[in-house]
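Since the structure comes first, as structure tokens, the remarks are kept for the end.
Coordinate-derived values only; no laboratory data. Nothing here was measured: the structure is a model prediction, and the numbers come from that model. Here the Cβ positions follow ideal geometry from the backbone for every residue, glycine too, while neighbour counts run over all protein chains shown.
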């Protein structure tokens, strides 16, 4: 399908070169289609860029799992919420290790550094919804309603996973590995889960000290 080819190539090219670093002519040629296809479907390069952002949001995941986590939040069980946080982190870690995520990860990293309307579209999808439920799950798991503190904790948890993508060359150097093999990922996932428990336990202890 022409539109899907255009979107896939646009995500890759925009991620590598940015909006101003690639032309619609180059994207159309790589997709083996006429430039008029971009004009017809997207109105031009800016429209294609925003459509690429929508496609990135779609590729990041679906919103059905968010509904499951909302149900856990509604039940208010601390142990269940803690397990759900670990599940989110493990799933996110696995998704980022998929080579197919490289193109949209580059696209997102550019938008992180210089956000545009495209970032707002991406964040409105699974990214932002997952961040929201993560904050609420932390509140349930710690028995507190300190959303400001939960947001800081959520950022620290996400950072543990994102580092393997955003700084993967450094990670490989530190681990003295040419590639991040399955055994390394499994070990790292276990450490992330242990860190989740440590962070949540510390938050609970802090709340009890302040009571």
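What is the calculated FRET efficiency for residue 187 to residue 209, with r their C-beta to C-beta distance and R₀ = 41 Å, to the nearest 0.05?
On the way: r = 33 Å, r/R0 = 0.80.
For residue 187 and residue 209, the calculated efficiency is 0.80.
For the range 2-57, the equivalent ellipsoid derived from the alpha-carbon gyration tensor has semi-axes of 14, 12, 10 Å in decreasing order. Seen against the Cα atoms of the chain and their longest principal axis, helix 182-210 is set at about 50 degrees. For the chain, the normalised intensity computed at q = 0.18 Å⁻¹ comes to -1.22 (log10 of I(q)/I(0), Debye sum over alpha carbons, equal scatterers, no solvent).
The P(r) of the range 38-112 has a tail past 14 Å containing 71 percent of all C-alpha pairs.
Judged by the gyration tensor of its Cα atoms, with axes a ≥ b ≥ c, the range 99-197 is oblate; a/c meets the 1.5 cut and b/c is at least as large as a/b.
Across the range 157-180, the residues whose backbone nitrogen lies under 17 Å from the label position 7 Å along the beta-carbon direction of residue 112 are 157-172. Running Debye on the range 25-74 with equal point scatterers at the Cα sites and no solvent, what base-10 log of I(q)/I(0) appears at q = 0.29 Å⁻¹? Calculated log10 I(q)/I(0) at the listed q: -1.03.
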